[in-house]
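Colleague: Pasting in a structure now, in structure tokens, and then I'll have a few things to ask.
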Amino acid sequence: MGVNENSEPREIRLDIGELVLDGFGPGVDPGRVSASFERELTRLVREHGVPLAAAGGVSVDALSGLPPLPAGLSARRLGQELARAVHSGLSGRGEVTR
């Protein structure tokens, strides 16, 4: 079976050094937020890819200009919404610092 030159990359690696959650109360469990974030971001990348990386490897130092998240979300919902915001930034919406 031949390799299609226009095929999507078979592996995408995202290293996220730090997620900063400002304005959320002490009742938000960072471990649950992180687990939910990872599951949702993995799902989004599998289903939609990472458009900024379509031309090859890319390194992003920071994403900004992303929408604010409501402070009253559960840890699970907060992780999901945060993943959606990050994926949106990796899809070309928001400001990227390289």
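Colleague: Do we find a residue being in a loop (DSSP other than H, G, I, E, B), over 21 Å from residue 90 (Cβ atoms) and modelled with pLDDT of 75 or more anywhere in the stretch 30-39?
Modeller: No, that holds for no residue.
Colleague: If you check residue 76 against the conditions, is it among the basic types (Lys, Arg), loosely packed, with under 14 Cβ neighbours inside 10 Å and either more than 12 Å from the chain's Cα centre (by Cα) or at pLDDT 75 or above (or both)?
Modeller: Judged against the criteria, residue 76 is not a match.
Colleague: Residue pairs, Cβ under 8 Å, 6 or more apart or interchain, first in the stretch 38-65 and open to solvent by 70 Å² or more (accessible area, probe 1.4 Å), second of a type in the set (Ser, Thr, Tyr) and at pLDDT below 70. List them.
Modeller: 61/97
The values are calculated or read from the model by the stated rules, or taken from the named source; none is laboratory data. All values reported here derive from a predicted model rather than from experimental measurement. Note that each Cβ is placed from the backbone with ideal geometry, even for glycine, and that neighbours are counted across all protein chains shown. Ligands, DNA and RNA are stripped out before the accessible areas are found, and what is left, the full protein with its side chains, is counted by its heavy atoms. Shrake-Rupley method; radii C 1.70, N 1.55, O 1.52, S 1.80 Å.
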